[in-house]
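Single-structure report; data block below.
The values are calculated or read from the model by the stated rules, or taken from the named source; none is laboratory data. What you see is a predicted model, and the numbers here were worked out from it, not measured in a lab. As a convention, Cβ positions derive from the backbone with ideal geometry for all residues, glycine included, and neighbour counts pool all protein chains shown. Calculation scope for accessible area: heavy atoms of the full protein, side chains included, ligands and nucleic acids excluded. Shrake-Rupley method; radii C 1.70, N 1.55, O 1.52, S 1.80 Å.
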Amino acid sequence: MTLTEYASLFIGKPYIWGGRGGDGFDCSGLVIECLQAFGLLPQGDWTAQGLHDRLAKADGWLKLATPRRGAVLFFGKSEKAITHTALALDSTFMVEAGGGGKSSTTPANSAGLVRMRPVSWRSDLVDVRYFVL
């Protein structure tokens with residue numbers, strides 16, 4: 001199983017603010033779950049900004065100009081103002097947990113979910129990181 005196949009297993013799960021498995025995921029929780037399952041990230045929990053800052057300094061993580069399969073995508077106003085993260089399925093599509101917001105705390109009140117979307121759905125892509133051995 002590949003990283004992107006693993007991420008795709010969660011499509012349809014609810015968006016849960018602060019969630020990382022169990023009942024659902026938020027954006028960073030989904031990406032962290034997938035990276036940790038493949039040994040690409042140590043145990044821990046980070047916000048989208050914290051995850052970006054960690055990968056930007058970590059060995060083996062390259063900055064790319066465009067998305068590619070398995071890359072971590074970061075969205076926001078700048079690399080210092082990251083608000084969202086997702087995993088690239090390829091150069092065109094991503095798997096993300098979104099659409100919920102802070103009020104989505106349980107599956108019953110969740111307004112979002114883990115979904116596949118075009119990367120171009122968002123106009124605020126600011127960084128792409130890819131792990132290379």
Seminar exercise, completed: Note on the range 85-133: residues at pLDDT below 95 and farther than 20 Å from residue 10 by Cβ are 102, 103, 132, 133
Exercise. Only one of 58, 48 is touching a Ser or Thr at 6+ places or on another chain (Cβ under 6 Å) and small (Gly, Ala, Ser); which?
Worked result: 48
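Provide a single number: the residues in the range 43-64 that are outside any helix (DSSP H, G or I) and either open to solvent by less than 60 Å² (accessible area, probe 1.4 Å) or closer than 25 Å to residue 115 by Cβ (or both). Even if it seems obvious, please write down each step before you answer.
First pass over the range 43-64, keeping only residues outside any helix (DSSP H, G or I): 43-47, 58-64.
The next check asks that each one be either open to solvent by less than 60 Å² (accessible area, probe 1.4 Å) or closer than 25 Å to residue 115 by Cβ (or both); those that pass are 44-47, 58, 60-61, 64.
Final tally of qualifying residues: 8.
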Exercise. Does the range 20-42 hold any residues that are free of Cβ contacts under 8 Å to residues at least 24 places away in the same chain, surrounded by 13 or more Cβ atoms within 10 Å (Cβ to Cβ) and not in a helix (DSSP H, G or I), and which are they?
Worked result: 21, 41
Exercise. Got a number for residues in the range 108-124 being among the aliphatic types (A, V, I, L, M) and either under 21 Å from residue 60 (Cβ atoms) or open to solvent by less than 60 Å² (accessible area, probe 1.4 Å) (or both)?
Worked result: 2
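Looking at this structure, is residue 85 touching a Phe, Trp or Tyr at 6+ places or on another chain (Cβ under 8 Å), open to solvent by 40 Å² or more (accessible area, probe 1.4 Å), among the β-branched types (Val, Ile, Thr) and touching a residue at least 40 places away in the same chain (Cβ under 8 Å)? Show your work before the answer.
Values: touching a Phe, Trp or Tyr at 6+ places or on another chain (Cβ under 8 Å): yes; open to solvent by 40 Å² or more (accessible area, probe 1.4 Å): no; among the β-branched types (Val, Ile, Thr): yes; touching a residue at least 40 places away in the same chain (Cβ under 8 Å): yes.
No.
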Exercise. If we scan the range 66-80, do we find a residue that is more than 15 Å from the chain's Cα centre (by Cα), of a type in the set (S, T, N, Q) and either farther than 18 Å from residue 15 by Cβ or in a strand (DSSP E or B) (or both)?
Worked result: yes
Exercise. Is it the case that the range 86-95 has a residue that's of a type in the set (S, T, N, Q) and in a loop (DSSP other than H, G, I, E, B)?
Worked result: yes
Exercise. Restricting to the range 88-107, what's the tally of residues that are among the aliphatic types (A, V, I, L, M), more than 19 Å from residue 63 (Cβ to Cβ) and open to solvent by less than 10 Å² (accessible area, probe 1.4 Å)?
Worked result: 2
